[in-house]
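Data block below; observations after.
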Amino acid sequence: MSKALKRFASSRLQDHEEVTAIFEELKTDGPRGVASLASALIEDLLEGTIKYRMVKLTNDEEKDLFQGTAPLATLSARIRVAYAIGIIGKKVQRDLNLLKEIRNALVHTRRRVTFETKEVAELCATFIGQFRKSVRDGTSKPSPLGFPQMRYRSTLRCAT
């Protein structure tokens, strides 16, 4: 990968419009694209919140922690650290691990797999966070989401 493309691909989201465009893309992309993009969003969010809790690091120190084969380069490591330092709770940790597990199944298999594939749909049905309506509307009634991909995207929204 060229240096310019690598720099662009690893840069953070720039503004609300870009985030909104990405969430719109999640509505129309295929299952593998949704899982891959959702994972990238979660990784970026966790990296930013973990860095916020750390002392100010130099660019080299950040690379040594978050890029390549560094200790916090993987989604798994970021989820574990975010939980360990109190950024996320047990339920969010569980849902993020499910998002990661589903992402791995969708992205790494050679078989045809979608959110409606029995094994994936069963995992999507167990998400905790997506069952609650937004805090903004002041209710805690179950959300009427029934389709696995909608559950996946809704859980992503709750986590972000």
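We did not get these values from a lab; they are worked out from the coordinates using the rules stated. No experiment lies behind these values; they were computed from the predicted model shown. Backbone-built Cβ (ideal geometry, glycine too); neighbour counts: all protein chains shown.
Before moving on, here are some points about what is shown:
- Charge dipole (the chain, unit charges on Cβ, about Cα centre) - positive-most of LEU96, ALA4, ALA38: LEU96
- Taking 0.36 nm per residue of separation and subtracting the Cα-Cα distance, full extension of the segment from ALA21 to ALA77 would add 17.4 nm.
- In degrees, nearest ten, helix 90-108 long axis to first principal axis of the chain (Cα): 90
- Cα-derived Rg over Rh, computed across the chain with Rh taken as Kirkwood radius: 0.97
- Which listed pairs, of LYS27/LYS100; LYS6/LYS91; LYS3/LYS63, have C-alpha distances above 23 Å, in listed order: LYS6/LYS91
- Rounded tilt (10° steps) of 31-53 against the dominant C-alpha axis of the chain: 50
- Taking the charge dipole of the chain about its Cα centre, with +1 at Lys and Arg Cβ atoms and -1 at Asp and Glu Cβ atoms, the residue from LEU75, ALA125, GLY48 reaching farthest to the positive side is ALA125.
- Helix 16-28 axis versus longest C-alpha principal axis of the chain: approximately 40°, rounded to the nearest ten.
- Computed lengthening from ARG32 to ASP44, 0.36 nm per intervening residue step minus Cα-Cα distance: 2.5 nm
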